[in-house]
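Down below is the structure, laid out as structure tokens.
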Amino acid sequence: GLAEKMNVSRQAVSKWESDQSIPDIEKIVNLSELFGVTTDYLLKSGAPSFEIKTVDIPVEDPLPILPDELVQKYLSTAKKSSQFRALSIALAIFSPACISFCSALSGFLIGASDKMQLIISLIGFAATIVVLAISFGLL
């Protein structure tokens, strides 16, 4: 019987059944596997460790049915919003190109004065800030 399967004496099983002793943790795990129950079930004399409270789930409050016009309005707003987000991300990625372009341009103007090169670099910096501002504004 059970004593043989658990590799214990019949007296040990008898003591478990009469609450004179409890099995060690290894035996509890083996018992749970043998009977297909959780160790929690065995340790708590068959009482579940949780209760399902049906009070928390109100049956009277079904989900509202939304009119088609409201659903369409939401979908069109979400589509416009996603387009603005995509444009914003593209501008944020593009913004460093402004500085790079103006820096390269000022480097190619070999005959230009230092003032002219500085002005072109500052224009690139300002353009980058403006593009980033527009990008964050679209979010």
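The values are calculated or read from the model by the stated rules, or taken from the named source; none is laboratory data. This is a predicted model, so every value here is computed, not measured. Virtual Cβ from ideal backbone geometry, glycine too; neighbours counted across all protein chains shown. Heads up: the accessible areas ignore ligands, DNA and RNA and are worked out on the full protein's heavy atoms, side chains in. Shrake-Rupley method; radii C 1.70, N 1.55, O 1.52, S 1.80 Å.
Just a few scattered comments:
- Condition met for GLU69 (surrounded by fewer than 10 Cβ atoms within 10 Å (Cβ to Cβ) and either touching a Pro at 6+ places or on another chain (Cβ under 7 Å) or modelled with pLDDT of 85 or more (or both)): yes
- Of all residues in the stretch 16-30, those that are within 14 Å of LYS5 (Cβ to Cβ) have Cβ atoms under 7 Å from Cβ atoms of residues that are among the aromatic types (Phe, Trp, Tyr), 6 or more apart or on another chain, in PRO23/TRP16.
- Of all residues making up the stretch 92-128, the number that are under 25 Å from SER81 (Cβ atoms) and open to solvent by 70 Å² or more (accessible area, probe 1.4 Å): 2
- In the stretch 6-39, residue modelled with the lowest pLDDT [restricted to those that are assigned to a helix (DSSP H, G or I) and among the polar types (S, T, N, Q)]: THR39
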